[in-house]
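Take a look at the structure below.
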Amino acid sequence: MINTDLDIEAITERYRVDRRVRIDNFLEGNVANDVLECLAQQVTFERIFFYLGRFHVFSDEQLAKLSETERAAMEQGLLDQAAQGVGFDYRGLRMDEAHRAVAPQILQDLFGAMNSAEQLERIHRCSDIPVVSADGQFTRYDSGHFLTRHSDQVVQERRRIAYVLNLTPRWHPDWGGMLQFFEQNGVPRDAWEPRFNSLSLFDVSHIHSVTYVTPFAAGSRFALTGWYRD
């Protein structure tokens, strides 16, 4: 499932320059296309967002039960938080044990490949960190979705290397949805577009965001994201 022709030595050399690297043609054959088709046609995503100091996961059924007043207050609250550099709002399919068990087989297989002994060894070689597992979620960013500036360092969760496997073809950079990196003082650095079938790896100390997806984005931004842990 993962391309066995990847040049690990070259990838390692690039990663160690700045503890981040983007790997093109990560999945072999038509795997990326098959996963994309599954995500676009077979998956019901939940809404995942940060609101009033808490992480929330709502199904469409739960969202429908909110009153118009509650919904309006929540939507405005999300924007108010984002204006202060806090929060996120997107759609996701978490690959925890319960959700993974009922996910389409191709998604289970891909997540399994990201946790395979071979892939863990590739990450170890690349980063010099002996990672032992990966968690993850399939994400869908549509118009209005965002992830504000942050780092992924959470010591008690043993996160070491963040990953983003991009699964969206023909994404235009004017639509937003960029993986934006920042200096430690908050000054913007560079941004990586969600290039189809590319894997982005970066040390969790890197400050980053996913930029706001514009109202004129002509499609959804799909990815598999998560962290490798030691």
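Couple of notes before you dig in:
- Close Cβ contacts (under 9 Å, 6 or more residues apart or on different chains) running from residues in the stretch 6-34 that are free of Cβ contacts under 8 Å to residues at least 40 places away in the same chain to residues that are among the basic types (Lys, Arg) comprise GLU9/ARG125; ARG14/ARG20; ARG14/ARG22.
- Within the stretch 43-71, tally of residues that are acidic (Asp, Glu), more than 21 Å from ASP96 (Cβ to Cβ) and exposed (fewer than 10 other Cβ atoms within 10 Å of the Cβ): 1
- Any hit, the stretch 145-154, residues being among the hydroxyl-bearing types (Ser, Thr, Tyr) and either surrounded by 20 or more Cβ atoms within 10 Å (Cβ to Cβ) or within 22 Å of THR44 (Cα to Cα) (or both): no
- Each residue in the stretch 180-215 was checked for being in contact with a helix residue (DSSP H, G or I) (Cβ under 7 Å, 6 or more places away or on another chain) and more than 26 Å from ARG158 (Cα to Cα), and 5 of them qualify.
- Residue under evaluation ALA134, criteria (1) under 20 Å from SER198 (Cα atoms); (2) out of contact with any helix residue (DSSP H, G or I) (no Cβ under 6 Å at 6 or more places or on another chain), criterion not met: (2)
- Of everything in the stretch 86-137 that is in a helix (DSSP H, G or I) and among the β-branched types (Val, Ile, Thr), the residue that is nearest to PHE222 (Cα to Cα) is ILE106.
- Candidate set: the stretch 156-202, residues that are touching a residue at least 24 places away in the same chain (Cβ under 8 Å) and part of a helix (DSSP H, G or I); chosen: the one nearest to VAL213 (Cα to Cα): TRP175
- Residues (within 14 Å of HIS206 (Cα to Cα) and over 19 Å from the mean Cα position of the chain (by Cα)) located in the stretch 11-27: ARG16, VAL17, ASP18
- There is at least one residue in the stretch 120-136 that is modelled with pLDDT of 95 or more, in contact with a strand residue (DSSP E or B) (Cβ under 7 Å, 6 or more places away or on another chain) and charged (D, E, K, R).
- Which numbered condition LEU79 fails, given (1) surrounded by 15 or more Cβ atoms within 10 Å (Cβ to Cβ); (2) farther than 28 Å from ARG158 by Cβ: (1)
The values are calculated or read from the model by the stated rules, or taken from the named source; none is laboratory data. What you are looking at is a predicted structure, and each value in this text was computed from that prediction instead of being measured. For neighbour counting, all protein chains shown are included, and Cβ atoms are generated from backbone atoms with ideal geometry for every residue, glycine included.
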